[in-house]
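Report on one structure; see the data block that follows.
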Amino acid sequence: MANNLLKGKKGIVFGALDNKSIAWKVALEAVANGAEIVLTNAPIALRMGSINELASQCNAKIIPADATSLKDLEHLFDASMQELNGKIDFVLHSIGMSVNVRKKRPYTDLNYDFLIKGLDVSAVSFHKMLQVAFKMDAINDFGSILALTYIAAQRTFPDYNDMAENKSYLESIARSFGYHYGKHNNVRVNTISQSPTMTTAGSGVSGFDAFFEYANSISPMGNASSEDCAKYCISLFSDYTKMVTMQNLFHDGGFSSTGVSQDIIDILQKK
């Protein structure tokens, strides 16, 4: 149910690939809550995905941008402010990629060229996005910028591979840039650590089904859905969270605070 939490606000959503992606759900939820948005993704992702369908549903313009390119990001923010007739109120960074995972390289035998590429796409792109927006003064006072992360930045999940380093750096950028952006014009910068989610990207991780079920059994409330993550994003874009910044916020049904669950004990006792 929409509550017009973002009425009159304008935003940019990075990373919507298909209807399984969290960014897709965030875009729909933002528009349902009264926002106007621009959609963006890398040109290759736009060719692979079905973002035109989302753009039609959201009455949104698509502006292609490689998030690792400063030139593309400058054009994106400039074109978005023209399209939306003013500064931006919220941005979602939902971008992540590991070439080592795609190439099935184990963590103990990483290709470092692959590692640098994944770090640039998954984390450094967040700093580039923030820096471009900061220099262009593209975000309104008390604007909100979010990036999606995962608890592998704090705990070891072997099959998550070098994405754990990517997410660790992503979260550090949110804290560091969040300080400077807060001092500059009260812009909030946070990350959301979401449950394992059945997205196109998530299901590409080796052993993801078992990973998903384990987290679902540990969490007292079960895994948080992508739809509920989208609603949480909307709350953090809204004026109800104006003083929340530099935080890594767990949206995981309680997984991050649970040591072991009775469900897991029952499963182990049956073996």
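The values are calculated or read from the model by the stated rules, or taken from the named source; none is laboratory data. Predicted model only: the values in this text are computed from it and were never measured. Cβ atoms come from the backbone with ideal geometry, glycine included; neighbour counts cover every protein chain shown.
Consider region 204-253. How many of its residues are of a type outside the set (S, T, N, Q) and either in contact with a Cys (Cβ under 6 Å, 6 or more places away or on another chain) or outside any helix (DSSP H, G or I) (or both)? Walk me through it before giving the result.
Within region 204-253, the subset of a type outside the set (S, T, N, Q) is 204-205, 207-215, 218, 220-222, 224, 227-234, 236-237, 239-240, 242-244, 246, 249-253.
In the following step, the residues that additionally are either in contact with a Cys (Cβ under 6 Å, 6 or more places away or on another chain) or outside any helix (DSSP H, G or I) (or both) were identified as 205, 207, 220-222, 224, 242-244, 246, 249-253.
The total comes to 15.
Whether any residue in region 127-134 is under 21 Å from Lys25 (Cβ atoms) and buried (at least 21 other Cβ atoms within 10 Å of the Cβ) is what I want to check. Steps first, please.
From region 127-134, those under 21 Å from Lys25 (Cβ atoms) are 129; that's our starting set.
Imposing the further condition that a residue be buried (at least 21 other Cβ atoms within 10 Å of the Cβ) reduces the set to 129.
Scanning region 127-134, I find at least one residue that is under 21 Å from Lys25 (Cβ atoms) and buried (at least 21 other Cβ atoms within 10 Å of the Cβ), so the answer is yes.
Run Asp266 past the list (1) of a type outside the set (S, T, N, Q); (2) over 20 Å from Glu29 (Cα atoms); (3) touching a helix residue (DSSP H, G or I) at 6+ places or on another chain (Cβ under 8 Å); (4) assigned to a helix (DSSP H, G or I) and report the number of the one that doesn't hold.
If we test Asp266 against (1) of a type outside the set (S, T, N, Q); (2) over 20 Å from Glu29 (Cα atoms); (3) touching a helix residue (DSSP H, G or I) at 6+ places or on another chain (Cβ under 8 Å); (4) assigned to a helix (DSSP H, G or I), just (3) comes out false.
Taking Ala152, is it at negative phi and touching a Lys or Arg at 6+ places or on another chain (Cβ under 9 Å)? Give the derivation first.
Values: at negative phi: yes; touching a Lys or Arg at 6+ places or on another chain (Cβ under 9 Å): yes.
It is true that Ala152 is at negative phi and touching a Lys or Arg at 6+ places or on another chain (Cβ under 9 Å).
Among the residues of region 29-46, how many are surrounded by fewer than 20 Cβ atoms within 10 Å (Cβ to Cβ), within 21 Å of Asn3 (Cα to Cα) and among the aliphatic types (A, V, I, L, M)?
1
Search region 1-55 for residues being acidic (Asp, Glu) and under 28 Å from Asn223 (Cα atoms), and hand back the single one that is modelled with the lowest pLDDT.
Initial filter on region 1-55 (acidic (Asp, Glu)): 18, 29, 36, 53.
Filter once more, so that each one left must be under 28 Å from Asn223 (Cα atoms): 18, 29, 53.
Values: Asp18: 91, Glu29: 98, Glu53: 94.
Only one residue fits best here, namely Asp18.
Out of region 137-157, which residues are of a type in the set (A, V, I, L, M), under 17 Å from Ile95 (Cα atoms) and assigned to a strand (DSSP E or B)? Break it down into steps so the answer makes sense when it comes.
Going residue by residue through region 137-157, those that are of a type in the set (A, V, I, L, M) are 138-139, 145-148, 151-153.
Subsequent filtering for residues that are under 17 Å from Ile95 (Cα atoms) retains 145-148, 151-153.
If the condition is that a residue be of a type in the set (A, V, I, L, M), under 17 Å from Ile95 (Cα atoms) and assigned to a strand (DSSP E or B), then Ile145, Leu146, Ala147, Leu148 are the ones that fit.
Which residue is farthest from Leu115 (Cα to Cα), if the candidates are limited to region 53-102 and must be part of a loop (DSSP other than H, G, I, E, B) and in contact with a Gly (Cβ under 7 Å, 6 or more places away or on another chain)?
If we filter region 53-102 for residues that are part of a loop (DSSP other than H, G, I, E, B), which is where we start, we get 59-60, 63-69, 84-87, 94-98.
Now drop any that are not in contact with a Gly (Cβ under 7 Å, 6 or more places away or on another chain), which leaves 94-95, 97-98.
On the way: Ser94: 19, Ile95: 15, Met97: 10, Ser98: 7 Å.
Within region 53-102, the match that is farthest from Leu115 (Cα to Cα) is Ser94.
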